[in-house]
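Here is the structure we will look at.
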Amino acid sequence: RNFYWGRITWSLDGARVAYICTTSTYTPYDADGQPGAELRMECGGDGLRTVLADGSDTRVVLPVDPSVASYANLNWSPDGKTIAVASHNEASGCRGVVLVDAEAGGVTRCLPFPAPGGMGGRCGGGDDGATEWSTDSRYLIYHTEFGEGTNGIFVNDLVTGDSRLIPEATVWFVSLSPDGRNLVFGAEGYIWSVGVDGANRTLLGEGISPAWQPTP
């Protein structure tokens, strides 16, 4: 039995799925709220794993010691080569978005988050560090808040290594248009659109969780 932490992500061809598994223990409760015997959930190798859709050929592509590091917001690139995961822990070796080779395993690149600055006593949320890929897998987009004066949407060109910041104090649920030219996002109770170059910022209306409709 496995313990799955956070979301899973499929390869674009639907052949494999990636997930985080860490060995853990838990206490089950019956319908009357009475605790049962503690159960141990074994992974057979903690870390970021991929497996074929039929459950065969399981691979650990990024081993994880859960006492040292944790990852979240998995996202498989459209070309199938890379899995992006977010880490908010310096002990992991990369406080930022970690790029993992989906076939050979191991970290290929770290896209660091800005230095933490704190904001209003809050510590962030599950969407902080979530990523979006361009359809050609060249650009990886992620967003952060609570950085030290450097918050917003980061557009990273994985070919040139360039990174562009679209500043915003608090950003949630960034969604990339199918043609890769524009973004929509939630900020302070409103929905905005903006070009990936940071131009043509437009208020669309009230809301928090936009999602761009895929092209048929």
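Give the stretch 195-208 a look and list any residue that's under 21 Å from the mean Cα position of the chain (by Cα) and closer than 19 Å to TRP133 by Cβ, or say none.
To start, the set of residues in the stretch 195-208 that are under 21 Å from the mean Cα position of the chain (by Cα) comprises 196, 208.
Within the stretch 195-208, VAL196 is the sole residue that qualifies.
What do you reckon, is ASP32 under 30 Å from THR135 (Cα atoms) and part of a loop (DSSP other than H, G, I, E, B)? Before the answer, list the steps.
Details: under 30 Å from THR135 (Cα atoms): no; part of a loop (DSSP other than H, G, I, E, B): yes.
The answer is no for ASP32.
Note down all Cβ pairs under 9 Å where the first residue falls in the stretch 6-35 and is more than 21 Å from ARG49 (Cα to Cα), the second is outside any loop (DSSP other than H, G, I, E, B) and open to solvent by less than 30 Å² (accessible area, probe 1.4 Å), and they're at least six residues apart or on different chains.
Once the first residue is more than 21 Å from ARG49 (Cα to Cα) and sits in the stretch 6-35, its partners that are outside any loop (DSSP other than H, G, I, E, B) and open to solvent by less than 30 Å² (accessible area, probe 1.4 Å) give TYR26/MET41.
Given the criteria of a type in the set (Gly, Ala, Ser), open to solvent by 20 Å² or more (accessible area, probe 1.4 Å), within 21 Å of PRO112 (Cβ to Cβ) and modelled with pLDDT under 85, does SER24 qualify? Outline the logic, then answer.
On the way: of a type in the set (Gly, Ala, Ser): yes; open to solvent by 20 Å² or more (accessible area, probe 1.4 Å): yes; within 21 Å of PRO112 (Cβ to Cβ): no; modelled with pLDDT under 85: yes.
Here the answer is no, as SER24 does not meet what is asked.
Sort out which residues of the stretch 137-169 are buried (at least 20 other Cβ atoms within 10 Å of the Cβ), out of contact with any Pro (no Cβ under 7 Å at 6 or more places or on another chain) and of a type in the set (Val, Ile, Thr), and write them in order of number.
If the condition is that a residue be buried (at least 20 other Cβ atoms within 10 Å of the Cβ), out of contact with any Pro (no Cβ under 7 Å at 6 or more places or on another chain) and of a type in the set (Val, Ile, Thr), then ILE141, ILE153, VAL155, ILE166 are the ones that fit.
A quick yes/no check of all residues on (1) hydroxyl-bearing (Ser, Thr, Tyr); (2) within 30 Å of ILE141 (Cβ to Cβ); (3) in a strand (DSSP E or B); (4) open to solvent by less than 70 Å² (accessible area, probe 1.4 Å):
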position: ILE20; (1), (2), (3), (4): no, yes, yes, yes
position: GLY44; (1), (2), (3), (4): no, no, no, no
position: THR50; (1), (2), (3), (4): yes, yes, yes, yes
position: VAL61; (1), (2), (3), (4): no, yes, yes, yes
position: SER67; (1), (2), (3), (4): yes, no, no, no
position: LEU74; (1), (2), (3), (4): no, yes, yes, yes
position: ASP79; (1), (2), (3), (4): no, yes, no, no
position: VAL85; (1), (2), (3), (4): no, yes, yes, yes
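On the basis of being open to solvent by 80 Å² or more (accessible area, probe 1.4 Å), out of contact with any Gly (no Cβ under 6 Å at 6 or more places or on another chain) and in a loop (DSSP other than H, G, I, E, B), does ARG40 make the cut?
Values: open to solvent by 80 Å² or more (accessible area, probe 1.4 Å): yes; out of contact with any Gly (no Cβ under 6 Å at 6 or more places or on another chain): yes; in a loop (DSSP other than H, G, I, E, B): no.
In short, no.
The values are calculated or read from the model by the stated rules, or taken from the named source; none is laboratory data. Source: prediction; values computed, not measured. Because the Cβ atoms are built from the backbone with ideal geometry, glycine has one as well, and the counts that use them run over all protein chains shown. Areas reflect the complete protein model, heavy atoms only, side chains present, ligands, DNA and RNA absent. Shrake-Rupley method; radii C 1.70, N 1.55, O 1.52, S 1.80 Å.
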